[in-house]
Structure formats: structure tokens, C-alpha cells
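Nothing in this text is a laboratory measurement; each read-out follows from the coordinates by a stated rule. All values reported here derive from a predicted model rather than from experimental measurement. FYI the Cβ positions are ideal-geometry reconstructions off the backbone, even for glycines, and counts take in every protein chain you see.
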Amino acid sequence: MSLCFAAQEEWIYLHLPRLLQRRLGANSDGHVVFADVTHCRMECCDVPAETLYDVLHDIEYRKKWDSNVIETFDIARLTVNADVGYYSWRCPKPLKNRDVITLRSWLPMGADYIIMNYSVKHPKYPPRKDLVRAVSIQTGYLIQSTGPKSCVITYLAQVDPKGSLPKWVVNKSSQFLAPKAMKKMYKACIKYPEWKQKHQPHFKPWLHPEQSPLPSLALSELSVQHADSLENIDESAVAESREEQRAGGAGGEGSDDDTSLT
């Protein structure tokens with residue numbers, strides 16, 4: 001099954017995400033641990049692969065189009081194609097918001113691109129009291145060019161949100177939040193070339209590593225963030241707020257305004 005959006009007389013096709021659960025094993029208390037796995041594929045008929053790749057990398061632009069972001073920044077670089085960064089995001093109310101520290105790597109492969117990340121521990125960025133530290137077990141984007149002005153993106157995320165989420169959150173994520181996020185990404189891609197021309201058009205350290213202002217960091221200063229070392233939050237009984245119920249309906253699309261992308 002797929003969704004399609006009309007934009008500038010073109011179409012994109014969004015295959016609805018599959019929300020699965022993968023059994024990871026048992027923690028120290030003997031409880032079975034699962035991680036949510038989201039798989040999504042989107043065909044963009046009027047977005048070049050290199051534009052989508054730039055949008056996913058450009059942290060300043062993400063603050064413009066990603067309405068879920070609370071704070072995001074790069075911390076340090078490990079190699080010419082790997083860095084460490086911080087990202088925190090809003091969860092559906094009244095759930096607690098989440099954050100992650102991830103090691104990200106990327107690789108251009110001719111006309112195609114791949115970006116991968118997983119959670120790590122950084123000594124200067126421990127878990128915060130006002131947020132739940134989630135774990136990206138493995139998250140990635142595969143961008144495949146299908147023509148000079150078209151591409152396909154495949155998104156796979158295996159994430160442990162560190163807690164038991166209520167059923168309404170899982171349903172909302174698969175039926176509404178994930179498709180809406182992909183649609184917003186597409187709209188951001190359409191507007192990116194114009195935005196970039198006004199905001200350091202030649203600054204792309206993901207393509208030109210000599211431009212990176214980040215300090216270097218040795219891999220030995222990091223360690224893999226294991227989910228069982230973090231506090232588990234039980235939010236399975238949390239009821240959906242009236243505000244979220246309204247946003248989840250047809251009126252929710254009204255918040256998809258992208259007029260701020262200037």
C-alpha cells in the first residue's frame with residue numbers, strides 16, 4: 001500500500017511504514033527487551049538524490065523544517081565521513097520527550113548515498129533529567145538516484161525508546177506521524193535549493209570535509225550505548241491528550257505549514 005502527494009504538478013509515492021518489533025533478548029531483571037523497527041520507502045519524482053542527501057545532512061536547515069526537533073547539534077568529527085551529534089525531539093503529549101547521542105557515518109556511492117547511525121556514550125553528554133535517553137540500535141537512509149531529478153529513499157530505524165509505550169502511540173506513529181514526517185521531508189527538499197542560496201551556499205562539510213569546524217575526537221573516547229544501562233520508563237498507561245487527539249485527525253495536516261523555510 002502506498003500514499004502519494006501532489007506537489008508542483010509532480011508526484012511522490014510513500015509506501016506506508018511497517019512498525020515491527022524485534023526481540024533483543026532479556027535485561028538484567030529477566031524482562032524481555034524489544035526494539036521498535038520502522039521501515040519506510042518514498043519515491044520522489046522531482047527531487048535529485050544529491051538534494052535529498054544535502055537536506056538530511058544540513059543541520060541548520062533541519063531546524064527549519066523538522067517541527068519535532070527540540071535541539072540538535074554536531075559535537076565532534078571522527079573521520080572525514082563520520083561524526084558524533086546530539087538530537088532531542090518532542091514526543092506526543094503527554095509522553096516525555098526523548099534524546100540521543102549518535103555516531104553517524106556516510107558514504108557517497110556514485111549517484112547513490114547512504115547514511116547510518118547508532119547510539120554512543122559521550123563523557124560530556126550524559127542523560128538529562130528532563131529527557132528520556134533513547135537508543136538508536138541501527139538507523140539508516142539509503143538514497144538511490146532514479147534519474148537527473150528523481151530518487152528513492154529507504155529509511156530503516158531500529159530504536160529502543162526506553163520505555164513501554166501505549167498502544168495509541170504505536171498506532172499513531174505508523175498511521176500518521178511517520179507518513180507526515182516523510183511528507184515534510186519531501187517539501188523541505190523542494191525548498192532547499194532556494195534556501196541554501198541564501199545561507200552559506202558553498203558550505204557543505206559532508207561533501208567537503210576540509211570545511212568542517214568541528215574538533216577531532218578519538219573513537220576511544222566513545223563507547224556503545226547499550227539500552228539495558230539506561231532507565232526504563234513505563235508510559236504504557238498514559239492516555240492521549242485532547243491536543244494530540246485533535247492533531248491526529250484531518251486537522252493535523254493543517255500544521256504541515258512550511259512557510260518558515262526561508
Set Lys93/Lys121; Lys64/Lys198; Lys149/Lys204; Lys121/Lys183 screened for pairs whose C-alpha atoms are more than 22 Å apart: Lys93/Lys121; Lys121/Lys183
So how much slack lies between Ile70 and Arg128, counting 0.36 nm per residue of separation and subtracting their Cα-Cα distance, in nm? 19.5 nm
Label points 7 Å out from Cα along the Cβ direction at Val224 and His208: separation in nm? 3.7 nm
Can you compute the modelled spin-label distance between Glu50 and Asn97, with each label point 7 Å from Cα toward Cβ, in nm? 3.6 nm
Mark the label point 7 Å from the Cα of Gln200 along Cα→Cβ and return the residues of region 60-79 whose backbone N is within less than 19 Å of it. 60-66, 71-79
